[in-house]
Amino acid sequence: MKILLLGSGGREHAIGRALSVDPAVTELHAAPGNPGLAGIATLHAADPASPSAMVDLAGSLGVDLVVVGPEAPLVAGVADALREAGFATFGPGAAAAELEGSKAFAKEVMLAAGVPTAAARVCESLDQVEAALDEFGAPYVVKNDGLAAGKGVVVTDDRQAAVEHAESCGRVVIEDFLDGPEVSLFAICDGERAVALLPAQDYKRVGNGDEGPNTGGMGAYSPLDWADADLSDRIMAEVVAPTLAEMRRRGTPFIGLLYAGLALTSKGLRVVEFNVRFGDPETQAVLALLKTPLAGVLDAAARGRLADLDPLEWREGAAVVIVEAAEGYPGPPVTGSPIELPEDEVDAYVLQAGTRLDGDQLVSAGGRVLGVVGRGAHVTEARDNAYALLAKVNLEGGFHRDDIGVAH
Ligand code: GLY
């Protein structure tokens, strides 16, 4: 199978790594990819968010499957254009991608589908913002309605900060705060059916002990040894199945990865957000445990054939990923800093996210620079393996959290 993978982050390096060890994959291409992917795929300097450029590239390569990594190309209609041109494509069309592209749309779908989520108000004026903040009280949850690269959500006790974030966004969704641990569950969907991957937990705040501002995610682990054994089944039944049915009813079936971000509250599970692509960095931990070759799974979803797929197989044990971020992140990061990487080990390896080559030298090129993955018999061992390898990484000014996988 010839595959074209779109995107350039740590998530894409993790997906590409899994595809590259799949014996069914004869050629792996990435657009634009990153230096980590360069070792396992042929890179193409093309814009993954341009529908016409991606159709041209898929055509010139003659690929069997296109896997769209990030949300921006999906919201821009890249998957629609590829499917219209006859390419099997893993990723929702623009209409279904609005589940991530608009928080207000996602709320509307959840309401129609009877999916449990926080009460919310869509606000477009300062008066509406003030009224919603009064209604729900602190802690205030203010979400940019549109895509914001993981930085659109502010959760704060500081009312002035909540108002300022709302004013900087324009249209926002303000909602009731959900207590309880957060969980990410990824469902591979073919428009009608869905298959769950292992649940994971992400650490969104920048600092140890969940201090500081939200980020795109500073680390993750999987599986969740503290969660009820039926957690996935409940999420699939209460959240994923009704959402897929509602999207089908609207004539915009969801093909691709539905990411349910949930809070396990004292009143039951509630959806915090939907995303329409693999989560980053949870994917790095989840795919480290997947034994079933990935290409066949994504291909079956893209072709509406999940019913023919055997149950997924998983490695025993756990995986942990720790993000090494650049100085300044989640504000404007310092870029261009040299990076020295250790050799991968049996149970630990480095995935690249915000990196580029400056001549022969690998340098930082974004906020989240690397993801260091460790595997082990349990989360503690996986974490130890990841932190031991991370200790051998050199990134000037780089930093990471020390408590990934410790507390939930
Ligand atoms: N880990 C959060 C996200 O992928 O949006």
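Observations on the model:
- Among strands (runs of 3 or more DSSP E) entirely within region 297-385, having at least 3 residues that are of a type in the set (A, V, I, L, M) singles out 318-325, 348-352, 368-376.
- So ALA288, is it more than 17 Å from ALA113 (Cβ to Cβ), within 16 Å of the ligand (Cβ to nearest atom) and open to solvent by less than 30 Å² (accessible area, probe 1.4 Å): yes
- Residues in region 107-150 that are small (Gly, Ala, Ser) and crowded, with 16+ Cβ neighbours inside 10 Å: ALA113, ALA118, ALA120, ALA132, GLY146, GLY150.
- Residue count for region 264-285 under the criterion of being within 11 Å of the ligand (Cβ to nearest atom) and among the polar types (S, T, N, Q): the result is 3.
- Residue check, GLY16 without any contact (Cβ under 8 Å) to a residue 40 or more places away in the chain and within 21 Å of the chain's Cα centre (by Cα): yes
- Filtered residues of region 12-26 (kept if surrounded by fewer than 24 Cβ atoms within 10 Å (Cβ to Cβ) and within 16 Å of the ligand (Cβ to nearest atom)): none
- Residues (within 16 Å of the ligand (Cβ to nearest atom) and open to solvent by 60 Å² or more (accessible area, probe 1.4 Å)) located in region 206-245: ASP210, PRO213
- Residue that is outside any helix (DSSP H, G or I), in contact (Cβ under 8 Å) with a residue 60 or more places away in the chain and surrounded by fewer than 24 Cβ atoms within 10 Å (Cβ to Cβ), where the choices are VAL63, VAL67: VAL63
- Residues being part of a helix (DSSP H, G or I) and buried (at least 24 other Cβ atoms within 10 Å of the Cβ) - total across region 27-55: 3
The values are calculated or read from the model by the stated rules, or taken from the named source; none is laboratory data. Predicted model, so just to flag it, every value in this text is computed and none were measured. Here the Cβ is made from the backbone with ideal geometry for all residues, glycine too, and neighbour counts use every protein chain on show. In case anyone asks, the SASA skips ligands and DNA or RNA and just uses the protein heavy atoms, side chains included. Shrake-Rupley method; radii C 1.70, N 1.55, O 1.52, S 1.80 Å.
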